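Read the structure below first, then the notes.
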């Protein structure tokens, strides 16, 4: 009989501790094969899925690594010794954003053919269901000739909105198709949401580090960014946010609670609830970017902040760009009480989104292959991210800190003090390697010795070689 | 031998005058068939194409009307007696735009199924090459599987930009593919262009009346609109603009020189040159919306302001939304010297546009059917617009003034003083007829007794009936 008196979490924590004990006392050595799921399940009298959870957790923490068709093996010590970056402490004043043209310059290069694509948070097309999508596109383009060329005005194609609403039920958000407004990807969703809740001159609180597009959008809209301390594992620090709200007239908060870009942080669901409660007290809208939410490595999808929102103050932005077809530009907003403002801004920005790609995605979702695809995709991203993390741990100097994301596909890496990541970026470019310098993720001049690396593309020798070269370049800069 | 000593323009003016003379002295009566092109050509010793130009000009002016396969006939007097609206005289102060939710409410209704679609400036899908486009889409979706789903970052798909550059040579603008940035329709092109040249708080000069989306975008971006007097036939009044620039710190001018929305005005090419010269003197950027430029009824396409710009101060915005596929959302900017600012803003607004629709339009353009399609489309729009104008002239009360556009498909109608077009809009909606009230086209409270009607959809009995009902409603409101 299996042990059922403990919660699943306690159970797999226990399995994990046993295994860590065996690794640390030398029972299991580097390179050893770890007992199979079945064997461990029998030995400890727990279910196979509990052992699987434990192994995945240990893999995330760098103790073991899976090899396809072969099982799990004990990793090199350097793969698990690496610390994560500490909580950020940005200076606490609202600021004008002035990232100048750095972002454009960097992304101009980052997409050049032949470059090792560690810089840009894009999925590799090899991971995407290209053929099935194309079939869906061809089917609807034949079946709905005129719909496919006519305006598809906000809120967007009804069939697609129904599918999104249907899927949202999985994350405990009870919405219907009318609660959704389709946008040109999450990028436009973010712009529309910001315009809907704040105006030029307003203060907007953001995580520090923040996704640079958020900062630049705040700049373009003439708003001010107030950076809030953020933990690289659990996200936005609520105490700091509370203080910031007390001291500043904050008009909106923008956050990426699920697998933050660049830190990969996952805000625990109970903290999400506290965040929403805090913002309810002050009647401050929250714009949450949930674009990585489906890319969890754990046992279940993390919830959105909107799931805890009874007052319509949360605007959830998301898209299919990381999971299905970046080039289709299909995103959406669940705008809560701001539907009318969101509809108006969306209309003004682009008079609706392309109808044909909305119809094609709706057709693909209806056909039912999306969940199966996501299961595979999560496994791929996870494996790619682990490989990247291992390589960085192996090739970068001591003192490097690396985040340990539980989802998504970006790493946030703190280099030894004194390493200038803009210099590293430039040197890497000479070797045709793309990286994103940390200073882009703040308005405060911080994160000069951080970089973001992305694992959206399949792991390859060229990537391993790229990280090795990067490591050498970091060594050189660290020793200057 | 044909008479060749006169310029073509003088020649066809002479032909037109002869015919007007015959109509006015009663030689030709209402309903009479006008001499055929061949007969008139022989009689006056001019080319058939000169006679054709003259007849088209007379048709535009409401003297004669063509009937398919039958020739030209003399029209009712009411079709030619109607005056055009006078030059606008907005009050000359920069203003915050506050159109509230009127636009959204009105367009929410305007697109309802079953409504007589006179309110919205959309093309009827019956006029569009739906099948050929779909073929292009299917072809490229099979041939470029991965390109079709991957990000297509700014400046956008190279094949499409080449085609647009190639076509621009026809309007004397020598540009290449690198001078073009693809956007989500001209709507996004406008937002991007405004963001590229002005910031919150800046004064932007616009035509009065102005396209309401321009006004709302200025509002959303926190800028101020300064309305400039505008002639309903020749567009923006340069003297007034000069004065306005002298008195205000104008940071940009937005204009629709070719077939303005709502007036249909066409700025003569020499005035375009003067406009550009004026703005050169003051180093003020001009954003020109050329979305109706291909829809000319005359003998040749009007030029863009950009054709006269040697300093890169003109940003030309356009799209395929009025000519090919509104739902594909394929527009572009030719940004002059502002390319880098435009690229950055476009990236931030939507990270590139959908790749698949860009590829499909490029394929369609390459295949060569576009010019043939445009010839037909211009004829259809022209006929629809003439029909609409005739009906308004017939059914609306004396004192109604109607513009006489030389291209595009919108009419700007001045109703007798005292008729409130918002009231008319509401009454019309009861009869399921869409109209656009004039007050949306200004920030000044003007144009309360104006409406815009659109002829983008094929003429039908329902439309004729709709205009007749509208006329009755206007009569009622005029007699209160």
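The table for this structure:
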quantity	calculated
Positions within the stretch A:222-256 being out of contact with any strand residue (DSSP E or B) (no Cβ under 9 Å at 6 or more places or on another chain) and within 21 Å of residue B:347 (Cβ to Cβ), in sequence order	A:222
Residue within the stretch B:193-216 that is assigned by TED's automatic domain parsing to the domain that holds residue B:342, at pLDDT below 95 and within 24 Å of residue A:185 (Cβ to Cβ) present	yes
Per-region count, the stretch B:131-163, residues in a helix (DSSP H, G or I), facing chain A (nearest Cβ under 8 Å), in contact (Cβ under 8 Å) with a residue 24 or more places away in the chain and under 31 Å from the mean Cα position of the chain (by Cα)	2
Candidates A:422, A:402, filtered to the one that is farther than 15 Å from residue A:116 by Cα and either surrounded by 23 or more Cβ atoms within 10 Å (Cβ to Cβ) or assigned by TED's automatic domain parsing to the domain that holds residue A:207 (or both)	A:402
For residue A:127: the one exception among (1) surrounded by fewer than 23 Cβ atoms within 10 Å (Cβ to Cβ); (2) touching a helix residue (DSSP H, G or I) at 6+ places or on another chain (Cβ under 7 Å); (3) at the interface with another protein chain (Cβ under 10 Å from one of its Cβ atoms)	(3)
Cβ-Cβ under 9 Å pairs, at least 6 apart or on other chains, the stretch B:43-63 side on the phi > 0 side of the Ramachandran plot, far side part of a helix (DSSP H, G or I)	B:62/B:78; B:62/B:79; B:62/B:80; B:62/B:81; B:62/B:386; B:62/B:389; B:62/B:390; B:62/B:393
Residue match in the stretch B:473-480 (condition: in contact with a strand residue (DSSP E or B) (Cβ under 6 Å, 6 or more places away or on another chain), buried (at least 19 other Cβ atoms within 10 Å of the Cβ) and assigned to a helix (DSSP H, G or I))	no
Odd one out for residue A:301, checked against (1) touching a helix residue (DSSP H, G or I) at 6+ places or on another chain (Cβ under 6 Å); (2) farther than 25 Å from residue A:262 by Cα; (3) at pLDDT below 95	(2)
All helices (runs of 4 or more DSSP H) inside the stretch B:325-427 with 2 or more residues being more than 14 Å from chain A (Cβ to nearest Cβ) and either touching a strand residue (DSSP E or B) at 6+ places or on another chain (Cβ under 9 Å) or under 26 Å from residue B:82 (Cα atoms) (or both)	B:370-395
Residue that is in contact with a helix residue (DSSP H, G or I) (Cβ under 6 Å, 6 or more places away or on another chain) and under 21 Å from residue A:322 (Cβ atoms), where the choices are A:196, A:136, A:148, A:189	A:136
Considering residues of the stretch A:294-317 that are more than 14 Å from chain B (Cβ to nearest Cβ) and assigned to a strand (DSSP E or B) only, the residue nearest to the chain's Cα centre (by Cα)	A:296
Residue selected from the stretch A:77-124 under the condition modelled with pLDDT of 85 or more and within 12 Å of chain B (Cβ to nearest Cβ), by the criterion nearest to the chain's Cα centre (by Cα)	A:121
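The values are calculated or read from the model by the stated rules, or taken from the named source; none is laboratory data. Computed from a predicted model, the values in this text were never measured in an experiment. Don't worry about glycine lacking a Cβ; one is built from the backbone with ideal geometry, like all the others, and counts go over all protein chains shown.
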